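Worksheet: the structure to be examined is printed underneath.
The values are calculated or read from the model by the stated rules, or taken from the named source; none is laboratory data. Every value quoted in this text rests on a predicted model; they were computed, and no experiment measured them. Positions of Cβ are generated from backbone atoms using ideal geometry, with glycine treated the same way; all protein chains shown enter the neighbour counts. In case anyone asks, the SASA skips ligands and DNA or RNA and just uses the protein heavy atoms, side chains included. Shrake-Rupley method; radii C 1.70, N 1.55, O 1.52, S 1.80 Å.
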Amino acid sequence: MRFLKHVFAAQGDKARVSRRDFLGGAAGAAGASVLAQMIPGRAHASPPCPPHPSGGGPFTDDPVTLEWIFSRWDDLGVWGDTVGTLAEINEAKRKDALKLGQRGDSKVYSLGEPMHPRMPAFPADPPRRADYWIAAYGPTGDNQFIFQDDRFEAFTFQIATQVDDFNHPSFGGWFYGGHHFDQITPRSDIVDPLDRWDLARADSAAQNYGPDSILGGTKSLGLQNIGPIITRGLLLDVLGYKIAAGHTSAIAPNGKSLAPGYRITIADLQATMAWEDLDCIEPGDVVIIRTGWSHYWSDEALWPTYMGAAPGPWLAECHWLAQFRPAIVASDTYAMECFPGPRPTTLAEGHQVLMVANGIRIGEGFNSAALAADRVYEFMFFDTPYNLQGATCAGNAPAAIGGRKKKK
């Protein structure tokens, strides 16, 4: 995937005068910190719940443009921000989520797929892998103490269950909040991934952690900005709804998932919520879309299907979801959005709508099968990502606690 070396085209001349404070350097570490402190207190007008089960609305599949993204940042007032819609999770919302965790016959659900070497991953060069091994030491002392720990030969958090952070997707090198590749990435003068890999190994071997080192994450975006999350979670079991409604054209022949490449529409999302007796998506929620794709993770023979054409929402649906300001939009596929998308000349535009333009993080590989089996559609969601400075995603397993809602 050496084509990525051309992704970061120079776009700096498109910055407008109204953003001079940020692009001129005033929003450095101090400026970004001040802005991040202001954001949690700002008010967002929450749109009314959409009627069920109608779809449509003023949401289109128009191509994403950098000018539109800049305009969106202007509207939201988020130039320099690193927090995104996690700011919508306040103390009251956390307390309400804790109550959901005590509802009914409450259970704990892991949302993480099992990880091991050779598991499927989106192709890249160098490859995305989870190749780890055990280092053993000892025996030592009269008590014959032996201990073991882990070493990682090749590893990335961008594999299996994950929450992408804002330094992962961009438009031409512009990341959420106006942070640019050239300004936030160590050794941005080296773009080719294999060249960067070689330099990282050399710096690690030489223990070079100085200012000219490639080691370390991005400077102003990254995993440290997520922190522990406790909030309301919603499961939109689109597969379950489609099966119950008898919409066979949307379902794979084996009945275990939505059909490969199926586009989940706004009407699908609204009808699923009505079927589940969910009233509304609220700011700060974690929305998990179930397609049944985890079925293909569980069997190595099915991995080609898992990494094939994945079902999910696309642009209009991402715009529709973004209006509610959720903290995270996740699914059980490797891409969250319908992938590859209907437009053959573009890549991952749904990521750009949600993450780059709106500051809404994306979750991938969320295994929600057990939640769906118990018909738990509203729950307490929690996650404690690694505090890894500048990392591009949280590769740990989030969880849900809750029980089935009583019928009205």
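Here are a few things to note about the model shown:
- Protein accessible area in the chain, 1.4 Å probe - carbon and sulfur %: 55 percent
- Fraction of alpha-carbon pairs over 21 Å apart in region 263-400 - percent: 42 percent
- Dipole magnitude for region 104-167: about 160 debye, using +1 per Lys or Arg Cβ and -1 per Asp or Glu Cβ, origin at the Cα centre.
- Binned Cα-Cα distances of region 315-383, short to long, each 5 Å bin given as a whole percent: 3, 15, 24, 23, 18, 10, 4, 1, 0
- Cβ-Cβ FRET estimate between residue 245 and residue 346, R0 fixed at 30 Å, reported to 0.05: 0.45
- Leading residue at positive end of dipole, region 197-258 (Cβ point charges), from 202, 244, 228: 244
- The charge dipole of region 80-139, taken about its Cα centre with unit charges on the Cβ atoms of Lys, Arg (+1), Asp and Glu (-1) only, comes to about 240 debye.
- Global geometry of region 74-195, whether rounded, prolate or oblate, following the gyration tensor of its Cα atoms and the 1.5 cut on a/c: oblate
- Put a dot 7 Å past the Cα of residue 136, heading toward its Cβ, do the same for residue 259, and the two dots end up 5.3 nm apart.
- Region 158-309: C-alpha gyration tensor shape, a/c 1.5 cut-off, then a/b vs b/c: prolate
- Of the residues 238, 329, 191, the one that moves most in a GNM of the chain with alpha-carbon contacts below 10 Å is 191.
- Value of D in µm² per second that Stokes-Einstein yields for region 132-202, Kirkwood Rh from Cα pairs, at 20 °C (1.002 mPa s): 134 µm²/s
- Computed FRET value (nearest 0.05) for residue 387 with residue 144, which takes r as the C-beta separation and R₀ as 41 Å: 0.70
- Segment residue 75-residue 303, extension gain: residue separation times 0.36 nm, minus the distance between their alpha carbons: 77.9 nm
- A Förster radius of 22 Å, combined with the Cβ-Cβ distance separating residue 280 from residue 98, puts the computed FRET efficiency at roughly 0.65.
- Straight-line cross-link reach from residue 242 at under 14 Å between alpha-carbon atoms covers these aspartates and glutamates, not counting any fewer than eight positions away in the same chain: 268, 276.
- As a size descriptor, the averaged projected area of the C-alpha convex hull of the chain was calculated at 23.0 nm².
- Heavy atoms of the protein chains alone define the surface here; on that basis the chain has 46 Å² accessible area per residue at 1.4 Å probe size.
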